[in-house]
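Novice: Take a look at this one; I'll ask things after.
The values are calculated or read from the model by the stated rules, or taken from the named source; none is laboratory data. Note that the coordinates shown come from a computational prediction; the quantities given were computed from them, not determined experimentally. Positions of Cβ are backbone-derived with ideal geometry, glycine not excepted, and every protein chain shown enters the neighbour counts.
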Amino acid sequence: MAGLELQLSKEYGYVVLVLVFYCFLNFWMTGQVVRARKKYNVSYPTLYASESDNKNAKLFNCVQRGHQNSLEMMPMFFMLMILGGMKHPLICASLGVVYIVARYFYFTGYSTGNPENRLKIGKFGFMSLMGLMVCTISFGISLVIA
């Protein structure tokens with residue numbers, strides 16, 4: 001069995017930068033949840049507010065859920081960016097930027113207190129993930145047939 005030699009193109013740097021950009025978005029969303037905790041009086045370690053105890057529970061929960069969903073999707077986004085970007089760095093970096101912008105609007109839409117608002121622009125993030133899956137599948141196939 002031959003060893004795997006990994007050579008990344010200089011364009012792969014864009015993939016790395018997009019991943020770091022997502023980390024900044026995540027830090028910002030974390031800050032928004034902290035602000036919502038203070039604004040709606042939801043103390044730690046409570047993850048979600050109870051509507052029976054807090055009249056603003058839905059507003060807080062929408063902010064929390066927007067961030068939580070972003071955390072749930074982050075491993076898939078990172079994995080697809082890292083692997084798909086090895087063969088298609090510019091396409092993946094571009095799709096990653098679209099995903100991040102869409103994720104910002106997903107979060108801000110969700111944070112309005114009306115969960116339907118998350119999908120107005122946020123839906124484009126899911127399309128970006130599909131493009132990243134295609135790039136990653138292409139990379140996997142190229143490894144198998146090489």
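Novice: When the residues of segment 120-146 are filtered to those that are among the aliphatic types (A, V, I, L, M) and within 17 Å of the chain's Cα centre (by Cα), which remaining residue is farthest from Cys92 (Cα to Cα)?
Specialist: The extreme case among them is Ile121.
Novice: In this structure, does Asn117 turn out to be within 21 Å of Trp28 (Cα to Cα) and not basic (Lys, Arg)?
Specialist: Here the answer is yes, as Asn117 does meet what is asked.
Novice: Kindly establish whether Phe105 is out of contact with any Leu (no Cβ under 8 Å at 6 or more places or on another chain) and surrounded by fewer than 16 Cβ atoms within 10 Å (Cβ to Cβ).
Specialist: When the stated conditions are applied, Phe105 does not pass them.
Novice: Could you pull out the residue among Lys38, Lys87 that is loosely packed, with under 13 Cβ neighbours inside 10 Å and of a type in the set (D, E, K, R)?
Specialist: Going through Lys38, Lys87 in turn, just one is loosely packed, with under 13 Cβ neighbours inside 10 Å and of a type in the set (D, E, K, R): Lys38.
Novice: Out of curiosity, is Asn54 more than 17 Å from Phe21 (Cβ to Cβ) and modelled with pLDDT under 95?
Specialist: It is true that Asn54 is more than 17 Å from Phe21 (Cβ to Cβ) and modelled with pLDDT under 95.
Novice: Hey, Lys58 hits all of (1) farther than 20 Å from Pro115 by Cβ; (2) in contact with a Gly (Cβ under 8 Å, 6 or more places away or on another chain) but one; which does it fall short on?
Specialist: That leaves (1) as the condition not met.
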